[in-house]
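The values are calculated or read from the model by the stated rules, or taken from the named source; none is laboratory data. Remember, predicted model here, so these are calculated numbers, not experimental data. Don't worry about glycine lacking a Cβ; one is built from the backbone with ideal geometry, like all the others, and counts go over all protein chains shown. SASA here: full protein model, heavy atoms, side chains in, ligands and nucleic acids out. Shrake-Rupley method; radii C 1.70, N 1.55, O 1.52, S 1.80 Å.
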Amino acid sequence: MIKPLLLFIFVTFTTSFSSASWAKDIFVAASDDLQTAFDLALDGDVVAISAGKYKGNFIVRRAIRVIGEKGVVLNANNSGHGLELQNSNITIENLTIVNWGRNLTTQDSGIYTDVGSTNLTLRNNVLKGDGFGIWVQKSDGVLLENNHITGNSTLRSADRGNGIQLSMVKNALVEGNTVNDTRDGLYIISSQQNVLKNNTMHDLRYGIHYMYSHNNQVLNNFAYNTRAGYALMSSRNLIVSGNRTVNSEDYGFLMNFITSSEISYNQIKQVWTKAENKVLGRDGKGLFIYNSAYNKIMYNTIDTAEIGVHLTAGSENTKVYGNNFINNPVQIKYVSNKQQEWSLDGIGNYWSNYLGWDLNNDGTGDTAFVPNDGIDKMVWQYPEAKVLLDSPAVLLLRWVQNQFPVLKPGGVKDSFPLMQPFPVASNSHSKNNEVALAL
């Protein structure tokens, strides 16, 4: 009984030792053919690339680790993918990749994979080009860390690729990346159980864009100079917490068909449509909620948006409490006859234009806050009626509504308005704080 067991241990040990001994380091100089080095590598090898310029469209077919020395530049000659990955267990580190193609139909990307791989790591890479930055599809177990992706700002936004695109991906951690001048910063479609954390996105259409993706976390990211900081669409069971957006033109957060999700401790500031882009009905909205229900929206701050929150298309059955609404000319735009209570267990929201008193010093106002009345809703439905807002007839109607509450239409009501803003949790990502302070 002992001899077979010893033989098994010996064979297992020698086999493992033999496999490890075959793994080797391959050093590539600028005068060498980089694709040949990739083709000669075996699973487990390390390909170390020396500083220099390498032209071509490169393919990694083995489970290897690729490490670039400072000064390594892969130039794709303005066509195709810069680097294509066709296996699992691949690590790509410290490469600069430039000038890949701009054909969005063929998904031209700086780094591209669509073979159903597992255990991919892309770390500390710098990518600059016209098409997609990093495209990962059908993968499970992905780490995208500390990459910097820059698009082409001279192209129309619609003609650029996204910075990082995850399609049908599970268990990805996307952390510490910076994306600018692409179409969207991080675009997530049909992908589950992923975490986007501590990323910075700026000068884009959308900072983070979700489509048909469930059970994901969006944590402590920072977006600025966008049309929308965060566009969350057709997804459920999202945890969106600790994020920041500054200087958005159309939306701080856009929620479209979002259900069973938690939106908390986010900071939205300065959402304002530029004067040259103004058209009727286009206003900067801190939070736009369209046909989204059964969510929790709590402890967020919306500061200096043309419209604090715009609810429409059946966006009901959501718990809203502990939020700060500060310096928004229109706090709430909600055209509906159904009453919504925006407080929970005696905790309401802070409204910078609340004029009530707190005579018993319990921290909440003695009278409920109702941000909209029938006149507001008439103006939303018939914008040309704005010219009548200061007329005696409108002032009389407002007075009648206040004296006879039964005449007030349904809408948002906060029965426990806070007298002081709820403290905002500090963002742990110091890089984000530094950029925000500069703005």
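In table form, for the structure just shown:
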| read-out | value |
| --- | --- |
| Gyration tensor (alpha-carbon) shape descriptor, segment 124-189, a/c threshold 1.5 | oblate |
| Rounded accessible area of residue 335 (nearest 10 Å², 1.4 Å probe) | 70 Å² |
| Accessible surface of segment 254-334 [probe 1.4 Å, protein heavy atoms]: carbon and sulfur percent | 51 percent |
| Nearest-10 value in Å² for the accessible area of residue 310, using the 1.4 Å probe | 30 Å² |
| Label-point gap, in nm, between residue 272 and residue 46 - each point 7 angstrom along Cα→Cβ | 5.3 nm |
| Residue 282 accessible area, 1.4 Å probe, all protein chains in place, Å² to nearest 10 | 60 Å² |
| 213, 31, ranked by accessible area, largest first (probe 1.4 Å) | 31, 213 |
| HN-Hα J in Hz across segment 76-90 - Karplus 6.51, -1.76, 1.60, θ = phi - 60°, x for Gly and Pro | 8, 6, 6, 8, x, 8, x, 9, 10, 10, 10, 7, 8, 6, 10 |
| Gyration tensor verdict on segment 67-217 (Cα atoms; rounded if a/c is under 1.5, prolate if a/b is larger than b/c, oblate otherwise) | rounded |
| Cross-link pairs 333/413; 53/128; 170/197; 269/296; 70/197; 128/197 - those with Cα-Cα distance over 18 Å | 269/296; 70/197; 128/197 |
| Long-range HN-HN contacts of residue 126 with modeled amide H, under 5 Å | 95, 96, 97, 148 |
| Shape category assigned to segment 97-154 from the gyration tensor of Cα positions, a/c cut at 1.5 | oblate |
| Accessible surface ranking that places the most exposed of 189, 64 first, with a 1.4 angstrom probe | 189, 64 |
| Accessible surface, segment 256-353, averaged per residue in Å² (probe 1.4 Å) | 42 Å² |
